[in-house]
Each structure stands twice: as C-alpha cells, then as structure tokens.
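A short write-up of the structure that comes next.
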Amino acid sequence: MTEPELDIKMRILLAAKKLFAKQGYDGTSVRQICQEAGANVSLVSYYFGGKEKVFEALLENFFPSYLLDGFNAYEVDPVTGIRQLVGEVVNFTLQDREMSDIVQLEVMLRSCRTDIVMRCLHPVWSNVRIVLKRGQEQDLFSFDSITHAMLQVMGAALAHKRAVAFEPLLASDPLSEEQIADQTIQFVLSGLGVPQKAVIPE
C-alpha cells in the first residue's frame, strides 16, 4: 500500500474515531466520516468494506493490545501486577479519550458491537481477576468475593471518566494524568488491604 493510501485510510479512521466518540456509532454516517476526513464516500467501502469494518479497524489500530505484551498473570508479583494493570487502564482512558469513550458507550448500550469491544477488554480484566485471586491465595489481598473485588477495581480504574457528570459536587483541584493514575493505584491497593509501605513504592 502506498503512502497516500495509508494517509487517507488513517484520516478516515481518525475522523470516525472523533465522530463516534462525539455522537455515537449509530448517530454517525459514512458521509459525515468522509466529510470530516476530506475523502470520497466510496473510499470507506473500498478500503474497509463499510462502516462496521471501520469500527473494527478502530479497535485494531487504537485499542492498546500492547498492554499485555510480556505480562504473565501467573508469574508476576500480585501487587506489581495490579499496579501495572490498573495503571495501564487509567493511562489508556486518559491518553486516548475518544477511543475510551467509544468503548464505554458501546458497553453501556450493549449494542451489536459490544462483542467486538469485549474481545479487546476481556484479556485485560481476565488478567486482573487472575492476579487478584493469586494475591488472595498468598494473603497479599483481603476480600471476601472475587466478583465484588473485580467490580471495585473496575469502578476505581474508570471513576475519573464519570467526573464530568458530577462536576458541581467535585472540588476544583485537578490532578495531572500521572497523579490520577498513581492515586487510583494507591486507592485500589489500599482497598485490597495492602500495607501502606507496599502501596507507595519507594
């Protein structure tokens, strides 16, 4: 594929990502995507095979599958594992807000595309579950229900995404992206009963 072809494909993907995040998949037409990308409408079918395939291509190109590169949930120290997994989830949602919003919207709507999204999410959260269970077995984590612990970790890792809806209740003391990730990790580990000296690394 030539460089101009790669350029137009990426412009279409970036336009779709922007519009899907802003107005949803169903609220976005192929014509709107192409107008945003400055591309001929026929190119969506030519390069991708339709809007559905554009959605799939977004996940292939922008969902950070590298999150689990070299990560072994059965060998990593559980505290280190939770620190790494939660940190990566928070960083992804902060660094690519459009893609994160698309993923969240599809899961909330339980759309016909949810299965595609869950194929990307399941490996990450499955590893969280494995690490939590191992940490419990090693008496590093304290909780009664693995399901409840999973929900609490998920809730904490994604809590900052709901901040906009509750702005009137929140103080205006914004944190940097790094601080948000660090404080979320500390909150999760403290909730799991990890001693304070292990929660905050030296």
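Which of the residues spanning the stretch 80-122 are open to solvent by less than 60 Å² (accessible area, probe 1.4 Å) and free of Cβ contacts under 8 Å to residues at least 24 places away in the same chain?
Hits for the stretch 80-122 are VAL107, THR114, MET118, LEU121.
Please determine, by comparing only the residues of the stretch 123-155 that are of a type in the set (D, E, K, R) and touching a residue at least 12 places away in the same chain (Cβ under 8 Å), which one is most open to solvent (accessible area, probe 1.4 Å). Please lay out each step first, then the result.
Taking the stretch 123-155 first, the residues of a type in the set (D, E, K, R) are 129, 133-134, 137, 139, 144.
Narrowing further to those that are touching a residue at least 12 places away in the same chain (Cβ under 8 Å): 129, 133-134.
Details: ARG129: 111, LYS133: 87, ARG134: 40 Å².
If we take residues in the stretch 123-155 being of a type in the set (D, E, K, R) and touching a residue at least 12 places away in the same chain (Cβ under 8 Å), then ARG129 is most open to solvent (accessible area, probe 1.4 Å).
Taking the criterion of being over 18 Å from ARG97 (Cα atoms) and at pLDDT 85 or above, would at least one residue in the stretch 171-179 satisfy it?
Within the stretch 171-179 (the criterion being over 18 Å from ARG97 (Cα atoms) and at pLDDT 85 or above), the answer is no, since none of the residues qualifies.
Those residues that are of a type in the set (Lys, Arg) and under 11 Å from the mean Cα position of the chain (by Cα), I need them from the stretch 82-127; list them, please.
Result: ARG97, single match.
The values are calculated or read from the model by the stated rules, or taken from the named source; none is laboratory data. Fair warning: this is a prediction, and the values are worked out from it, not measured in the lab. A quick note on method: Cβ atoms are made from the backbone with ideal geometry, for glycine too, and the neighbour counts reach across all protein chains shown. These area figures cover heavy atoms from the full protein model, side chains too; ligands, DNA and RNA do not enter into them. Shrake-Rupley method; radii C 1.70, N 1.55, O 1.52, S 1.80 Å.
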